[in-house]
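Inspection log for the structure reproduced underneath, given as structure tokens.
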Amino acid sequence: MNPNALAQRIAHILYDKKALDIVVLNVSHLTVITDYMVIASGRSSLQVKALADDVDDAMAMEGISLRAREGAGEGRWIVLDFGTVLVHIFHPEDRQFYHLERLWEDGENRVALPFMDEEKDS
């Protein structure tokens with residue numbers, strides 16, 4: 001699966017699991033660490049952990065291996081590393097504090113998420 005498709009697939013999983021404020025950024029021109037970042041929030045530490053588990057499980061079922069997982073103990077900010085895609089799942093307070101979008105968004109690199117647009121149209 002190409003990096004864009006992978007990022008959108010992960011965003012869709014998060015959307016289906018009721019994550020909040022899902023953002024996908026193409027950061028390939030800004031860093032060598034990864035190509036895409038998926039950023040989302042859960043309503044509580046418990047939901048943050050559940051969202052991370054759901055993404056990990058779904059990707060494993062699709063044959064995509066998780067390279068690393070950080071922050072799962074507290075459930076405030078969990079990072080899932082799929083190589084070309086980094087997934088950041090935050091507790092709302094931590095997301096507001098770190099505000100990764102401010103650091104990585106350049107005004108032109110936000111990826112449209114068609115499944116979210118469909119809901120707005122209905």
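The values are calculated or read from the model by the stated rules, or taken from the named source; none is laboratory data. Not measured: the values here are computed from a predicted model. A quick note on method: Cβ atoms are made from the backbone with ideal geometry, for glycine too, and the neighbour counts reach across all protein chains shown. Keep in mind that these areas ignore ligands, DNA and RNA; they rest on the heavy atoms of the full protein, side chains included. Shrake-Rupley method; radii C 1.70, N 1.55, O 1.52, S 1.80 Å.
What the table shows:
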| read-out | value |
| --- | --- |
| Residue ID - surrounded by the fewest Cβ atoms within 10 Å (Cβ to Cβ), chosen from residues in the stretch 9-26 that are out of contact with any Asp or Glu (no Cβ under 7 Å at 6 or more places or on another chain) and part of a loop (DSSP other than H, G, I, E, B) | Lys18 |
| Residue in the stretch 96-111 that is among the charged types (D, E, K, R), without any contact (Cβ under 8 Å) to a residue 60 or more places away in the chain and either crowded, with 16+ Cβ neighbours inside 10 Å or touching a Leu at 6+ places or on another chain (Cβ under 9 Å) (or both) present | no |
| Flag if Ile33 is β-branched (Val, Ile, Thr) and in contact with a strand residue (DSSP E or B) (Cβ under 6 Å, 6 or more places away or on another chain) | no |
| Condition check for Gly73: modelled with pLDDT of 95 or more, over 13 Å from the mean Cα position of the chain (by Cα) and open to solvent by 50 Å² or more (accessible area, probe 1.4 Å) | no |
| Filter result (aliphatic (A, V, I, L, M) and either open to solvent by 50 Å² or more (accessible area, probe 1.4 Å) or in contact (Cβ under 8 Å) with a residue 40 or more places away in the chain (or both)) within the stretch 43-65 | Leu46, Val48, Val55, Ala58, Met59, Ala60, Met61, Ile64 |
